[in-house]
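Heads up, the thing below is written out as structure tokens.
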Amino acid sequence: MAIRSPTIAFVGRVLFAFLFISSGFQKLTSFNLQNGGPVMGGMAPKMDNFLKTLDHVAGVQLPIHQGYYIYMLAFAIFLELAGGLLLIFNSTLGAFLLSWFMVAVTPVMHNFWDEKENSQGRLNETINFFKNVAILGALLFYIGGKPQPLKQHLE
């Protein structure tokens, strides 16, 4: 038996989007263009480490200077807020924005492989990494299950 309720779907989207909107709003309220604000204190070392790991493991050197981190953080805030708000109103674009956010942020901020083995930090980052992977899966499920206007016209 399939239950379809626009009200339940709306409440679900609001609850799901709240994760991103509240996080984005918290970052936005402490953001500044001089140094990025307090969030940058946690992001910059992780970004440095990610770039070093990418170079070491894959031999890929991205030309990203620390001066660009502020703009990357601002863009991440935009993705969280715009994606969350658009998702509330049932927009596939919102789910795409949030998916891009998850793909970009997850390996940088939850780099469990760099934590000491059997440590609480490794456990926490592993849990958060795979939670983000599951959230990305939910977003892709939403995108894949929602009819696209172009598809409807082509079929």
Low-density loop cleavage sites - GluC sites (Glu not before Pro) in the range 38-133, where at most 14 other Cβ are within 10 Å (DSSP) = E117
Longest principal axis of the chain (C-alpha) makes with the long axis of helix 120-145 (C-alpha) an angle, in degrees to the nearest 10, of 30 degrees
Ordered by number, the chymotrypsin sites (Phe, Trp or Tyr not before Pro) in the range 46-155 that occupy a DSSP loop and have at most 13 other Cβ atoms within 10 Å are F89
For the chain: relative contact order, % (alpha-carbon pairs under 8 angstrom, 6 or more apart) = 22 percent
Using only the Cα atoms of the range 52-152, build the gyration tensor, take square roots of its eigenvalues as a ≥ b ≥ c, and label the shape rounded, prolate or oblate: rounded if a/c is under 1.5, else prolate if a/b is larger than b/c, else oblate.
-> prolate
Compute the acute angle (0 to 90°) between the alpha-carbon long axis of helix 6-30 and the principal axis of greatest extent of the alpha-carbon atoms of the chain; round to the nearest 10°.
-> 20 degrees
Per DSSP H run of at least 4 residues, take -39500 (n - 2.57); add these up for the chain, divide by its residues and hand me the 222 nm value, nearest 500 deg cm²/dmol.
-> -25500 deg cm²/dmol
If you look for lysine pairs in the chain that are eight or more places apart or on different chains, how many of them have Cα atoms under 19 Å apart?
-> 4
In terms of the alpha carbon gyration tensor, root eigenvalues a ≥ b ≥ c, rounded if a/c is under 1.5 and otherwise prolate when a/b exceeds b/c or oblate, the range 1-96 is prolate
Give the calculated FRET efficiency between F10 and L140 to the nearest 0.05, with a Förster radius of 25 Å applied to their Cβ-Cβ distance.
-> 0.75
When the chain is fully extended, how far beyond the present Cα-Cα distance does Q61 get from S91, taking 0.36 nm per residue of separation?
-> 7.3 nm
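Rule-based calculations on the coordinates, nothing more; no lab input. None of the values given here were measured: they were computed from a predicted structure. Please note: Cβ atoms are built from the backbone with ideal geometry, for glycine as well, and neighbour counts cover all protein chains shown.
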